[in-house]
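Structure, as structure tokens:
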Amino acid sequence: MLSEEKNKILTQVGPGTPMGDLLRRYWMPIAGVTEFDTRTTKPLRIMGEDLVLYKDLSDIFGLVDRNCPHRRADLSYGMVEKCGLRCNYHGWAFNETGQCVEQPFEDTCFPGTNAKDRVSIKSYPVQQKGGMLWAYMGPQPVPQLPDWEAFSWENGFSQIVLSEVPCNWFQCQENSIDPVHFEWMHENWGQRLRTGKTDLGPRHLKLDFDEFEYGFTYRRVKEDSDETDEAWTIGRVCLWPNGFFLGEHFEWRVPIDDENTLSITWKYTRVPKESEPFVQESIPTWQGPLTDANGKWIDTHVMNQDFLAWVGQGRIADRTQEHLGASDRGIVAVRRRFFEELEHIALGGEAKGIIRDSAKNVKVKLPMMDRDKVLGSLTREQILSNPRAELMYTSYVFQAGQPDVVRKAASLAMGLEVKEFNGIIKSRNST
């Protein structure tokens, strides 16, 4: 367990807090590029700050303070111009650096004062990568936006899923270093819900956790595997500071504020051999619901089950009341590392995993188990003859609510009908 004071340090993310200062040193995914096919502005709350993301008429993205400095109007209702965003209340305009570039009345009636030159608003740099929009909210100099190798994979259909989860980011991220939950929540509990069967899946026999430059890995042996399996020799990546990399997809837990988290998933699926070469013109972004039409929490899909567990811990998990077990060594290690990192940064040190060298930031590889399975080219016949492969190719198992337009696009890319997930996922080594 942790003291109340230490729990606050891990969970508070607003400006001026230790953890808020740490997280602001990293680029954060905040939206999907294709969201701006049908809109020009998007109000956002990120790490306790109210902001507006916009795309101007020159296709430049900006992230600025939500409120106009003139009379505090909401800039998410503003008008985009060739350069920047204009307040809909009195017409003051700002570019992506936050500089006021026009004050219509003052510029017309008092042109010599150049009053706009003395006005600016908070702004943060925005970049595109992997079909997502990323923001950097930290101190100068700005680090490189990581060019993870997965973003360069070809012949694949990718999609981005956003969900707002009503709980603190840290209990979401701790899930990334907790392998045993998969056995119970996603395999045993998921099967019990769907089928009523009481038999259990393969048990975990052995766990280990290792730190590397960009985070931690967890490694495991289950009853259906041994120490030659890549689940033990390579493992999964708990991506520092707030991500998870499972080979074919990333998950990020971006703090909205202390009690809410923006979940962002980036998912890649290799198209069948018959569909090659395949070029995806744009990566669709969709909103994943947490509850059904009756207000009941969705429990069918992998991440929806995670959401339910995270929110069940409370808006901010009370770690003074927990009792950790032997399977929680990874959680203990990550917490300890965060406290070490907070002290290191307070003394002026460089944050863990930051990339400064552009030459190093090219298709950066992460530890990846099942690389051949994720990137290998299978025929449709091979896919349909393997139940596990068929499940992953013909349904989206991670979140409920995949829109028909995205499902149809995936079906077209695969040359296979993508259907709704049946809610039953088996162990990775099952056939």
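Would you work out what percent of the accessible area of the stretch 220-339, with all protein chains in place, is carbon or sulfur (probe 1.4 Å)?
The value for the stretch 220-339 is 50 percent carbon and sulfur by accessible area.
Considering only DSSP beta bridges whose two residues both sit in the chain, what percent are antiparallel, to the nearest 5?
Here the antiparallel bridges make up roughly 95 percent for the chain.
Expressed in nm to one decimal, what extension gain is obtained for the pair Gln127 and Glu149 from 0.36 nm per residue of sequence separation less their Cα-Cα distance?
Full extension of this stretch gives 6.2 nm more.
Among 311-318, 163-170, what's the highest-first ranking by average C-beta atoms within 10 angstrom per residue?
Highest-to-lowest ranking by the protection proxy: 163-170, 311-318.
Probe radius 1.4 Å, ligands and nucleic acids ignored: give me the carbon and sulfur share of the accessible area of the stretch 5-130 as a rounded percent.
Looking at the stretch 5-130 in its full context, I get 49 percent from C and S.
Which Cys residues of the chain have no other Cys Cβ less than 4.7 Å away and so no disulfide-compatible partner by this rule?
Lone cysteines by the Cβ rule: Cys83, Cys100, Cys109, Cys167, Cys172, Cys238.
Taking a probe of 1.4 Å, how large is the accessible area per residue of the chain, in Å²?
Computed with neighbouring chains in place, this is 44 Å² per residue.
So what is the calculated 222 nm ellipticity per residue for the chain, using -39500 (n - 2.57) for each DSSP H run with n of 4 or more, over all residues, to the nearest 500 deg cm²/dmol?
Here the helix-only value at 222 nm equals -6000 deg cm²/dmol.
Please identify the trypsin sites (Lys or Arg not before Pro) of the stretch 227-297 that satisfy two criteria: DSSP loop assignment and at most 14 other Cβ atoms within 10 Å. Which are they?
Of the trypsin sites (Lys or Arg not before Pro), the ones in loops of the stretch 227-297 whose Cβ has at most 14 other Cβ atoms within 10 Å are Lys296.
For the pair Trp189/Ile9, report the inter-label distance in nm, with labels modelled 7 Å from Cα in the Cβ direction.
3.0 nm
Roll a 1.4 angstrom probe over the protein heavy atoms and tell me the percent of accessible area of the stretch 364-431 that is carbon or sulfur.
The value for the stretch 364-431 is 55 percent carbon and sulfur by accessible area.
What percent do you get for the relative contact order of the chain when only Cα pairs under 8 Å and 6+ apart count?
19 percent
Mind running the shape call on the stretch 9-59? Use the C-alpha gyration tensor, a ≥ b ≥ c as the square roots of the eigenvalues: rounded below 1.5 for a/c, prolate if a/b tops b/c, oblate otherwise.
Prolate, because a/c is 1.5 or more and a/b exceeds b/c.
Among 79-86, 361-368, how do they line up by average Cβ neighbours within 10 Å per residue, starting with the highest?
Most protected by this proxy first, the peptides run 79-86, 361-368.
Which entry in (1) -0.66, -0.76, -0.94, -1.21; (2) -0.35, -0.46, -0.71, -1.26; (3) -0.37, -0.48, -0.75, -1.42 matches log10 I(q)/I(0) by the Debye sum over Cα atoms at q = 0.07, 0.08, 0.10, 0.14 Å⁻¹ derived from the coordinates of this structure?
Working out log10 I(q)/I(0) by the Debye sum over Cα atoms at q = 0.07, 0.08, 0.10, 0.14 Å⁻¹ from the coordinates points to (3).
How about the stretch 192-280: which GluC sites (Glu not before Pro) there are in a DSSP loop, with at most 11 other Cβ atoms within 10 Å of their Cβ?
Sparse-neighbourhood loop GluC sites (Glu not before Pro): Glu213, Glu227.
What is the distance in Å between the Cα centroid of the stretch 220-293 and that of the stretch 61-123?
Here the two parts' Cα centres lie 39 Å apart.
Could you pull out every whole DSSP H run in the chain that spans at least 20 Å of Cα extent along its own axis and averages 1.0 or higher on the Kyte-Doolittle scale?
Helices passing the filter in the chain: none found.
The values are calculated or read from the model by the stated rules, or taken from the named source; none is laboratory data. The structure displayed is predicted, hence computed values, not measured ones. Counting neighbours? That spans all protein chains shown, and the Cβs are built from the backbone with ideal geometry, glycine included. These accessible areas exclude ligands, DNA and RNA; they are computed on the full protein's heavy atoms, side chains included. Shrake-Rupley method; radii C 1.70, N 1.55, O 1.52, S 1.80 Å.
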